[in-house]
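A.B. asks: This is the structure, below, for whatever I ask next.
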Amino acid sequence: MRKPFMAGNWKMNLTTKDAVALARALKENLKDVTEVEIGIAPVYTVLAAVAEVVRGSNIQLMAQNLFWVDSGAYTGEISGPMLKDAGCSHVIVGHSERRQYFGETDESVNKKLKAAFASRLVPIFCIGETLAERERGQTPAVVERQVTKGLEGIPASDAKNLVIAYEPVWAIGTGKTATPAQAQEVHASIRSLVAKIYGQELADGMRIQYGGSVKGDNVSELMKQSDLDGALVGGASLKADSFIAIVRYQP
Ligand code: PGA
């Protein structure tokens, strides 16, 4: 009942020519896909060009971040209405690289989630523990804190559209994937946290993506887990073939 959602996070990669070529290849080779939702998140400077390519297709345009004020004296920032204007329907919020390198906190992530909803953008809300936290046995506490604080004050009418991405920081870009069982355990706990806040029905409908070194050859095993509803893909989303293999995983 939850439609799988495969999203490509292009991170700080690709200028116009290569971004447009990749978007074209995905559009052409994925046009028959109806059972899986698809999204790509290019850098801001190529959003408009990529929007032109994917318009009217089954590929949704996403941004990688946003600021929570609509406009004003905030040099270097970008707002929800601006992302909407560029053609985005989704936005990644709270990616661990933003938490790690750009000082994002549970509080700023909460403001950004609210701003995304206010602009009618679907947020992909990223959470996940570091290696040190996992080794100290803190994964459940970290995930609970990130979910609870991130969703503070967000009504069910918004939360029902939310997508969560569980991305253990130690698995991002390292080639180390969580085992399907490790991922499933955390995904199930995230779903029960969401159920505690919003009720079982909303939790049962929420997509929870896994992220961290997802590739064509590990995606099917991960997707067999009952609480995994898709993937947020970094490295393997930068080449048409490898992202196509993920979208076309063997269920
Ligand atoms: P990766 O990145 O697939 O390169 O590990 C995932 C992510 O950071 O979203």
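A.B. asks: Could you tell me which of rounded, prolate or oblate describes region 68-108, using a ≥ b ≥ c as the square roots of the eigenvalues of the alpha-carbon gyration tensor, with rounded for a/c under 1.5 and, failing that, prolate when a/b is larger than b/c and oblate otherwise?
C.D. replies: The shape class here is oblate.
A.B. asks: In region 102-205, with Lys and Arg counted as +1 and Asp and Glu as -1 at Cβ, which of these residues, Ala132, Ala188, Gly199, has the Cα nearest the positive end of the dipole, that is, farthest along it?
C.D. replies: It is Gly199, whose Cα lies furthest towards the positive end.
A.B. asks: Using the Cα atoms of region 94-251, I'd like the radius of gyration and the largest Cα-Cα distance, Dmax, both in angstrom.
C.D. replies: 15.0, 41
A.B. asks: How big is the charge dipole of the chain about its Cα centre, in debye rounded to the nearest 20, if each Lys and Arg gets +1 on its Cβ and each Asp and Glu gets -1 on its Cβ?
C.D. replies: Once rounded to the nearest 20, the dipole reads 260 debye.
A.B. asks: Next up: Using the heavy atoms of the protein chains and a 1.4 angstrom probe, tell me the accessible area per residue for the chain in square angstrom.
C.D. replies: Values: 11350 Å² over 251 residues.
Accessible area per residue: 45 Å².
A.B. asks: By accessible area of protein heavy atoms, probe 1.4 Å, what ranking do Met62, Met82 get, highest first?
C.D. replies: Greatest to least solvent exposure: Met82, Met62.
A.B. asks: Exposed loop GluC sites (Glu not before Pro) only (DSSP loop, at most 15 other Cβ atoms within 10 Å): please give the longest stretch of the chain free of them, not including the sites.
C.D. replies: 153-251
A.B. asks: Tell me, how many Å apart are the Cα centres for region 190-218 and for region 80-150?
C.D. replies: When both Cα centres are located, 14 Å separates them.
A.B. asks: Take Ser226 and Lys196, extend 7 Å from each Cα along the Cα→Cβ direction, and tell me the distance between the two endpoints in nm.
C.D. replies: 2.0
A.B. asks: Another question about this same structure. Working only with C-alpha atoms, what are the Rg and Dmax values of region 177-251, expressed in angstrom?
C.D. replies: Cα only, region 177-251: 13.1, 40 Å (Rg, Dmax).
A.B. asks: Another one. Summing -39500 (n - 2.57) over the DSSP H runs of n ≥ 4 in the chain and dividing by its residue number, what mean residue ellipticity at 222 nm do you reach, to the nearest 500 deg cm²/dmol?
C.D. replies: -12000 deg cm²/dmol
A.B. asks: With label points built 7 Å along Cα→Cβ from the Cα atoms of Ala25 and Met12, find their separation and express it in nm.
C.D. replies: 2.4
A.B. asks: Something else now. Sorted by packing (mean other beta-carbon atoms within 10 Å per residue), highest first, where do 55-61, 243-249 land?
C.D. replies: Ranking, from highest mean packing down: 243-249, 55-61.
A.B. asks: Okay, moving on. Average the reciprocal distances over every distinct pair of alpha-carbons in region 1-131, invert the result, and give the Kirkwood radius in Å.
C.D. replies: Taking every pair of different Cα atoms in region 1-131, averaging 1/r and inverting gives 15.3 Å.
A.B. asks: Just grab the label-to-label distance for Lys3 and Ala132, each label 7 Å out from Cα along the Cβ direction, in nm (one decimal).
C.D. replies: About 4.2 nm, to one decimal.
A.B. asks: Based on DSSP H assignment, which helices of the chain show an axial Cα extent of at least 20 Å together with a mean Kyte-Doolittle hydropathy greater than or equal to -0.5?
C.D. replies: Flagged H segments are 16-30, 180-198.
The values are calculated or read from the model by the stated rules, or taken from the named source; none is laboratory data. From a predicted model like this one, the values you see are computed outputs, not experimental measurements. Counting neighbours? That spans all protein chains shown, and the Cβs are built from the backbone with ideal geometry, glycine included. What goes into the accessible areas is simple: the full protein's heavy atoms, side chains included, and nothing from ligands, DNA or RNA. Shrake-Rupley method; radii C 1.70, N 1.55, O 1.52, S 1.80 Å.
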